[in-house]
Amino acid sequence: HRAHASVEGVTKFITAKGGSNVVGYLMQKEIEFLGNAVETPVRPFVAILGGAKVADKLNVISNLLEKCDTLIIGGGMAYTFLKAQGKEIGNSLVDDSKIDYCKEMMEKAEKLGKKLLLPVDTIAVAKALAETEATTIIGGGDSAAAVNQLGFGDKMSHISTGGGASLEFLEGKELPGVIAADDK
């Protein structure tokens with residue numbers, strides 16, 4: 001997802017020599033799962049977004065609200081949303097500078113007729129994903145580690161290894177490595 005020499009720079013020289021730039025099977029799988037899930041989703045489309053900071057996910061939250069039917073916010077981010085709802089969060093992690101943004105996103109969800117949920121048992125969420133017949137895509141290192149540690153990893157359709165790149169992809173950003181590939 002970065003325009004580094006090994007990702008994007010070298011592709012200019014391969015194309016110039018009449019060669020072709022292609023992605024590997026893992027990247028192809030990532031693009032297919034993430035791309036299809038967001039661009040041509042099977043309904044109902046539920047997105048679950050975790051992580052500590054709302055600030056890191058501003059565009060992802062907004063973009064997913066436009067595409068999904070339900071957005072579930074978990075992890076440390078949920079506390080900022082809970083505080084934005086006027087709930088007590090004690091000493092939990094909160095991003096006070098993003099409370100107004102959280103309020104905007106809750107209003108956006110309501111205007112679009114979407115559900116925005118804040119789960120109270122993230123283990124229960126992982127168990128529900130493991131038991132569903134739906135396509136389940138897990139992204140992000142902490143989420144992947146959690147479902148694997150809980151013993152649910154083999155029940156998921158796809159566990160993304162894309163990390164930050166998968167988030168940027170879900171934001172709608174064009175990724176340099178994907179753009180440079182000729183085998184789109």
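Could you check the spin-label model distance between T135 and L150? Points 7 Å from the Cα along Cα→Cβ, value in nm.
Label-label distance for T135 and L150, simple model: 2.2 nm.
How high is the relative contact order of region 45-167, in percent, counting Cα pairs under 8 Å that sit 6 or more residues apart? Before the final figure, lay out each step's value.
Details: 165 pairs, mean separation 27.2, N = 123.
Answer for region 45-167 is 22 percent.
So how strong a dipole does the chain carry about its Cα centre when Lys and Arg Cβ are +1 and Asp and Glu Cβ are -1, to the nearest 20 debye?
Values: 20 positive and 24 negative charges, 22 e Å.
Around 100 debye, computed over the chain.
Suppose we take every Cα in the chain and form the convex hull; what volume per residue is that in Å³? Don't skip to the answer; put the middle values down first.
Details: hull volume 23.8 nm³, N = 184.
Dividing the Cα hull volume of the chain by its residues yields 129 Å³.
How high is the FRET efficiency between D142 and F13 when r is their beta carbon distance and R₀ equals 41 Å, given to the nearest 0.05?
On the way: r = 37 Å, r/R0 = 0.90.
Calculated transfer efficiency: 0.65.
Accessible area per residue of region 33-95 at 1.4 Å probe, in Å²?
Values: 3050 Å² over 63 residues.
With the other protein chains kept in place, region 33-95 gives 48 Å² per residue.
For region 134-161 and region 19-79, what is the separation of their C-alpha centers, rounded to whole Å?
13 Å
For region 102-158, evaluate the Debye formula with one uniform point scatterer on each Cα (no solvent term) and list log10 I(q)/I(0) at q = 0.21, 0.27 Å⁻¹, rounded to two decimals.
-0.84, -1.01
What value, in deg cm²/dmol to 500, does the helix sum -39500 (n - 2.57) over DSSP H runs of n ≥ 4 give at 222 nm once divided by the residues of the chain?
Details: 9 runs with 86 residues, N = 184.
Mean residue ellipticity at 222 nm (helix-derived): -13500 deg cm²/dmol.
For a quick protection proxy, order the peptides 65-73, 112-120 by their average other-Cβ count within 10 Å, most packed first. Write down the numbers at each step before the final one.
Numbers: 65-73: 18.2, 112-120: 14.1.
In descending order of packing, they fall as 65-73, 112-120.
The values are calculated or read from the model by the stated rules, or taken from the named source; none is laboratory data. Since we're looking at a predicted model, the values are computed, not measured. All Cβ positions, glycine included, derive from the backbone under ideal geometry; neighbour counts span all protein chains shown. Surface accessibility is based on the protein's heavy atoms, side chains included, excluding ligands, DNA and RNA. Shrake-Rupley method; radii C 1.70, N 1.55, O 1.52, S 1.80 Å.
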